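The values are calculated or read from the model by the stated rules, or taken from the named source; none is laboratory data. Given the structure is predicted, the values throughout are model-derived calculations rather than measurements. Note that we place each Cβ from the backbone using ideal geometry, even for glycine, and neighbour counts take in every protein chain shown.
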Amino acid sequence: MLKKKLHCFRILTVLCFYGLFPAMVQAAQFKVLAVMSYEEDFTWTMAIKQGIDSALADTCEVRYFYMDTKKNLEGGPEKATQAHALYQEFQPDGVITADDNAQSMFVVPYLKDKVKTPVMFCGVNAEPEKYGYPASNVSGILERLHLHESVVLAKNIVPSIRNFGFIIKYSPTADAILRQIKRESDDYPAKFVAMKTPKTLKEAVTMTEELREQCDLLFLSAVQGLAGEGGEPVIEKEAVSLLVKTFGKPTISTEEHNVKHGTLCAVSRTGQEQGRTAAKMLLKAMQGTRMAEIPITQNYQGKRIINATVIKTLGIKPKLEFLIGAEVVKTEE
């Protein structure tokens, strides 16, 4: 009997030495399904994934499902059906759902108040009441764009700015952003003129030309997936670059990558904050905290980014004080 115990001890020692035994005892504590509204290669989606992974990598097995609704909004409900099939097969301990389309097409029809699995949303632009949140099994983090802060930054850099227009690809997100603008616009240092919601790149160019005659500043947001000449979805870098050139005056965004694509500046929110916060909230729920004790929150972090290439191209001479503390980038070729 003693020989058997010694033999087992030797085996365990070898396993530990070669790093095998730790891998066995560090098996995932929870299974998590993350359903993303948009494509796997979309910059915002990748940032949210980074945030989720940073919080859950050590304790959870995370499976990702992408609904691809930037490129194919009409196919969203079918993708949601597939996500539900994966949910039933995987039987996760918790679910994370990113952005608005995953709420309306997946959570509300299949999970909200229908299962006991805790669900944490992130990246939601609409008011939570639109989806009946909070629910018995749903909470999360709202996404609020730093619109006011971005307009203030642009006005500080170019004091002559008096008004602005907005271009965003047609989607439910556009409606939510318009409501946010109307709610906040009295405090903006420039007057809001109009929002245009194109479905194609050609429409976006025409609308940009119209706003060029009415506005000093153009806000560009979420133009990924606009249809090109042959109906194919256009990548965001191409769309932003063309619309910036078409407008020919200062343009802004709330996305860091769009500043690198050619807009003047942004105060960006981060997908990492969205994903990390939702993941930490979900971990609490899976560890036993009651959903009623995990209230809905929203993002607060913002980063100022300014494009030096655009400043030079437009002949802008900003005061140094407005550049201090900002990340300065150049337009990527």
### Task
Spot the failing condition for P172; the list is (1) farther than 25 Å from I305 by Cβ; (2) free of Cβ contacts under 8 Å to residues at least 12 places away in the same chain, and only one is missed.
(2)
### Message
Six or more apart or on different chains, Cβ atoms under 9 Å: show the pairs whose first residue is in the range 205-217 and on the phi > 0 side of the Ramachandran plot and whose second is assigned to a helix (DSSP H, G or I).
### Response
none
### Task
For the range 151-160, enumerate the residues that are farther than 19 Å from V328 by Cβ and surrounded by 20 or more Cβ atoms within 10 Å (Cβ to Cβ).
V151
### Query
Going by the structure shown, is A126 outside the structural domain of F166 (by TED's automatic domain parsing), closer than 26 Å to T200 by Cα and either within 19 Å of the chain's Cα centre (by Cα) or surrounded by fewer than 19 Cβ atoms within 10 Å (Cβ to Cβ) (or both)?
yes
### Query
Counting only residues that are touching a Phe, Trp or Tyr at 6+ places or on another chain (Cβ under 7 Å), β-branched (V, I, T) and outside any strand (DSSP E or B), how many does the range 34-62 have?
2
#### Entry: Qualifying residues in the range 279-324 (those that are within 15 Å of the chain's Cα centre (by Cα) and over 15 Å from V124 (Cα atoms)) - the one surrounded by the most Cβ atoms within 10 Å (Cβ to Cβ)
G302
### Within the range 63-81, tally of residues that are part of a helix (DSSP H, G or I) and surrounded by 15 or more Cβ atoms within 10 Å (Cβ to Cβ)
5
### Message
Can you list residue pairs whose Cβ atoms sit under 7 Å apart, with the first residue in the range 273-288 being under 16 Å from K31 (Cβ atoms) and the second being of a type in the set (D, E) and surrounded by fewer than 21 Cβ atoms within 10 Å (Cβ to Cβ)? Count only pairs 6 or more apart in sequence or on different chains.
### Response
M286/D93
### Task
Count, please, the residues in the range 1-38 that happen to be modelled with pLDDT of 95 or more and of a type outside the set (G, A, S).
7
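Which one is farthest from P172 (Cα to Cα), of the residues in the range 242-261 that are within 20 Å of the chain's Cα centre (by Cα) and among the hydrophobic types (A, V, I, L, M, F, W, C)?
At the first step, the residues of the range 242-261 found to be within 20 Å of the chain's Cα centre (by Cα) are 252-261.
Keeping just the survivors that are among the hydrophobic types (A, V, I, L, M, F, W, C) gives 252, 259.
Numbers: I252: 21, V259: 24 Å.
Result: V259.
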### Task
Just give me the residues in the range 129-150 being over 20 Å from I168 (Cβ atoms), surrounded by fewer than 22 Cβ atoms within 10 Å (Cβ to Cβ) and not hydrophobic (A, V, I, L, M, F, W, C), in sequence order.
E129, Y131, G132, Y133, P134, S136, N137
### Task
Please enumerate the residues belonging to the range 88-132 that are part of a loop (DSSP other than H, G, I, E, B), over 22 Å from V62 (Cβ atoms) and touching a Lys or Arg at 6+ places or on another chain (Cβ under 9 Å).
N125, A126, E127, G132
### Task
Find the residue count for the range 154-187, including only residues that are over 20 Å from the mean Cα position of the chain (by Cα) and in a strand (DSSP E or B).
3
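For the range 160-201, enumerate the residues that are over 28 Å from L314 (Cβ atoms) and not small (G, A, S). Walk me through it before giving the result.
Restricting attention to the range 160-201, the residues satisfying the condition of being over 28 Å from L314 (Cβ atoms) are 170-173, 175-176, 179, 182-183, 186, 199.
Y170, P172, T173, D175, R179, K182, R183, D186, K199 - these are the residues of the range 160-201 that are over 28 Å from L314 (Cβ atoms) and not small (G, A, S).
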### Summary
Residue set A239, A266, A190, A222; condition free of Cβ contacts under 8 Å to residues at least 40 places away in the same chain and under 20 Å from the mean Cα position of the chain (by Cα); output residue A239
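Please find, among R276, R212, the residue that is among the basic types (K, R), surrounded by 21 or more Cβ atoms within 10 Å (Cβ to Cβ) and in contact with a helix residue (DSSP H, G or I) (Cβ under 7 Å, 6 or more places away or on another chain). Break it down stepwise before answering.
Numbers: R212 fails: surrounded by 21 or more Cβ atoms within 10 Å (Cβ to Cβ).
Being among the basic types (K, R), surrounded by 21 or more Cβ atoms within 10 Å (Cβ to Cβ) and in contact with a helix residue (DSSP H, G or I) (Cβ under 7 Å, 6 or more places away or on another chain) holds for just one of R276, R212, which is R276.
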